[in-house]
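Everything below concerns the one structure shown next.
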Number of protein chains: 2
Amino acid sequence: MSDTHTLSLDDAWSLSVRILESNGFSPDHARAIARTIWQGQRDECHSHGLYRLLVCTHTLKTGKVSANAVPELTDAAPGLVRVDARGAYSLLAYDTGRPVLIEKARKQGIAALAINHCYHFSALWPEVEAIAAEGLVALAMTPSHSWVAPHGGTKGVFGTNPLAFAWPRPEGNPFVFDFATSAAARGEIELHRRAGKAIPEGWAVDSDGQTTTDAEAAMKGAMLTFGGHKGSALSAMIELMAGPLIGDFLSLESQAYDAGAGATPYHGELILAIDPKIFMGADHAVHSQRAEALFDAVLGQGARLPSQRRYEARARSEASGTVTIPQALYDDLQALISEDE
Amino acid sequence: MSDTHTLSLDDAWSLSVRILESNGFSPDHARAIARTIWQGQRDECHSHGLYRLLVCTHTLKTGKVSANAVPELTDAAPGLVRVDARGAYSLLAYDTGRPVLIEKARKQGIAALAINHCYHFSALWPEVEAIAAEGLVALAMTPSHSWVAPHGGTKGVFGTNPLAFAWPRPEGNPFVFDFATSAAARGEIELHRRAGKAIPEGWAVDSDGQTTTDAEAAMKGAMLTFGGHKGSALSAMIELMAGPLIGDFLSLESQAYDAGAGATPYHGELILAIDPKIFMGADHAVHSQRAEALFDAVLGQGARLPSQRRYEARARSEASGTVTIPQALYDDLQALISEDE
């Protein structure tokens, strides 16, 4: 028997929607959630791929997340649209707010979308990429749970606090990055734990504040930020901007609210969008082309662009029309359906 | 004879203005430049303190920078004010644009100030701090010269690309950080070179792309970003947003424009301002207070906040009413006056 299971892209989509609906999500939520999970699997971001269906349905069973809340949109200011997710996952709230964000950015030059009161598990790159597809520059950030110690500390304060950025290019895929400000993503440590593998040094400390390579001990201790005091400062910025600035939880508050249930973090998300046609001015086509010189200079010396590996994976998945996951994960996913249907 | 020279804060101010004016800067430019240099010295940021007077006057003598251009302000969009520095230093353009940026942020919720066609040598924290003093959140970034290799590369593409952030606090100094996305600031390597000291590993590669601890070789090779591929991605973002996005130079273009003169980088600067009263909504006082829990959690475990050392230096300088610089630097500064008066 093979260790892996290969599904067509269509089957990966149907399976995702079916698992989400059969576990109680409304059709709108199921599709919004399935879309980001399906995109993650297609791009071989395994920690944000089909594996996340396990986490989503687990969190739903804790009774914390709403399976059907309709997001509530408020036009808060000329440069700000706010969407209250009302205790559901963030994705449908994002889909609700995105068109208004884009409209505002095109009118004001720069605008923000604040998503409030959402459970959040998803990668941010699909969200900034969708905004870049409309020709806008986008920047997104969220807190999470307080798993990450500040530089010089030993106890969790910050979330893994991802920062994602997208820059539309005249041709082809946009320039996109999406990184956790922790040294590693929480999902990566969890995958190491599930696989019984050691984690590299510098990712985490144990519950006594000592460096550890044990994934289990790391999950109980505190993760570290990337890049020393600079990564720590950036993480604090994300905490503030995607937390209190939008009237929502810090990672510390998300963790407290969870009260040991082990559910997905509950907090807000901030997305900024900028219209390059306004910022670049009349010569925007020229300036957009000038940006290409930056990418050429990186690629020309044999270095890679941040999104390159993911786009290569996407091209592979689209060419074969399939995705491949561990057989054990596939069995776990099947169990999620037979339990509930 | 002492190795150091102590000046009163007032004398440091007068000396700065006198050097700048006697070397040809208009009174407005001299005061805008002197203010940031004086603030740097007061906070014991030696690489952005009185030492920079040497660089400013050197750059002026290369004939590249304008000593008296009047900045030109354009109200480009509801969320964007643009100030053309017209080939002068950035500081007077910043002073010209700041009140309009603040007014726009208070009206739109979020707004941007794009400074174009400026020579830039100054730390960004005084600029974001001045915006936080008005109760707004601020984020600033600039490219520089293409001294820094991308992750996985060996040749300079990015600038040292600083990112600065300020968050107003209900009491006392704002939360501020300002860091180069290079592993070290260019000025730090230059100070090591002047002092004949080795630099730490990880700061730079030599002109053959090999790791070096020789400051001289580092100045001729390429600097490295902080935090591996994440720092490199962040540096690319700054390059794009404070470069082509505002219709201005990449660090590569600034370097080419310099044509070996060794002058201060010539490019643009992007500053974003956000009004927390709009973003936080009706309960802004409550949310502002909730942000304090983050700072308490960092300080409570014995870790430090990014701006803490600088604020301590400021308190010392203000208590003594003095700043202290190397005697050799003081002599160099005196020579700048006797040459020209």
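Please state the equivalent ellipsoid semi-axes for chain B: what are the square roots of 5 times the Cα gyration tensor eigenvalues, largest first, in whole Å?
29, 24, 23
With Cβ to Cβ distances under 12 Å as the rule, what net charge do the other residues near A:G187 carry (K, R +1; D, E -1)?
Charge balance in the 12 Å sphere: +2.
Taking a probe of 1.4 Å and counting only protein heavy atoms, give the total accessible area buried between chains B and A in Å², rounded to the nearest 100.
5300
Could you provide, to the nearest whole Å², the per residue accessible area of the stretch A:1-65 with probe 1.4 Å?
Heavy-atom accessible area per residue stands at 41 Å².
For the stretch B:248-317, what does the alpha-carbon gyration tensor say about shape, rounded, prolate or oblate, given a ≥ b ≥ c as the root eigenvalues, a/c under 1.5 as rounded, and a/b over b/c as prolate?
It is oblate, given that a/c is not under 1.5 and a/b is not larger than b/c.
If I histogram all Cα-Cα distances within the stretch B:183-224 using bins 10 Å wide from 0, what percent of pairs lands in each bin?
Pair shares across the bins are 39, 58, 3.
P(r) for the stretch B:114-266: what percent of alpha-carbon pairs falls in each 5 Å bin, starting at zero?
2, 10, 18, 20, 20, 14, 9, 5, 2, 0, 0
Smallest Cβ-to-axis distance in chain B, for the rotation taking B to A: which residue, how many Å?
B:G227, 1
What 222 nm value per residue comes from the helices of chain A, counting each DSSP H run with n ≥ 4 as -39,500 (n - 2.57) and dividing by all residues, nearest 500 deg cm²/dmol?
-14000 deg cm²/dmol
From the label point of A:I337, set 7 Å along Cα to the beta carbon, how far off in nm is each other copy's matching point, shortest first?
Ordered by increasing distance: 8.3 nm.
Any chance you could look up the accessible area of B:R169 with a 1.4 Å probe, heavy atoms only, rounded to 10 Å²?
Around 60 Å² of this residue is reachable by solvent.
Of all the Cα-Cα pairs you can form in the stretch B:183-341, what percent are over 21 Å apart?
Looking at the stretch B:183-341, the distances longer than 21 Å represent 71 percent of pairs.
Can you tell me, using C-alpha contacts under 8 Å and at least 6 residues apart, the relative contact order of the stretch B:183-224 as a whole percent?
Normalised by residue count, the contact order of the stretch B:183-224 is 38 percent.
Kindly state, to the nearest 0.05, the FRET efficiency for B:D3 paired with B:E171, given R0 = 30 Å and r defined as their beta-carbon distance.
Between B:D3 and B:E171 the formula returns 0.15.
Evaluate the Kirkwood expression for the hydrodynamic radius of the protein assembly as shown, namely the inverse of the mean inverse distance over all pairs of different C-alpha atoms, and round to one decimal in Å.
25.9
Can you grab the distance from the C-alpha centre of the stretch B:45-83 to the C-alpha centre of the stretch A:1-74, Å, no decimals?
52
Compute the label-point distances linking A:G172 to its equivalents in the other copies; points lie 7 Å from Cα along Cα→Cβ; give nm, one decimal, shortest first.
5.0
What fraction, in whole percent, of alpha-carbon pairs in the stretch A:1-132 exceed 25 Å separation?
Roughly 29 percent, once rounded to a whole number.
Kindly sort B:V286, A:V137 by accessible area of their heavy atoms, largest first, with the probe set to 1.4 Å.
From most accessible down to least: B:V286, A:V137.
Run the accessible area of chain B with a 1.4 Å probe and give the carbon-and-sulfur part as a rounded percent.
Answer for chain B: carbon and sulfur cover 49 percent of the accessible area.
Relative to the other copies, what are the label-point distances for A:E103, with labels 7 Å from Cα along the C-beta vector, expressed in nm at one decimal and sorted shortest first?
Output for A:E103: 2.8 nm, nearest copy listed first.
Using Cα pairs closer than 8 Å and at least 6 residues apart in sequence, work out the relative contact order for chain B, in percent.
Dividing the mean separation by the residue count of chain B yields 22 percent.
For B:K155, give me every one of the lysines with a C-alpha distance below 30 angstrom, ignoring sequence neighbours fewer than eight places off in its own chain.
A:K230, B:K61, B:K64, B:K197, B:K220, B:K230
Using alpha carbon centroids, what distance separates the stretch A:134-180 and the stretch B:279-310, in Å?
20
The values are calculated or read from the model by the stated rules, or taken from the named source; none is laboratory data. Just so we're clear, the structure is a prediction, and the values are computed from it rather than from any experiment. Glycine gets a Cβ as well: all are built from the backbone with ideal geometry, and neighbour counts include every protein chain shown. Just the protein is used for accessible areas: all its heavy atoms, side chains included, with ligands, DNA and RNA removed. Shrake-Rupley method; radii C 1.70, N 1.55, O 1.52, S 1.80 Å.
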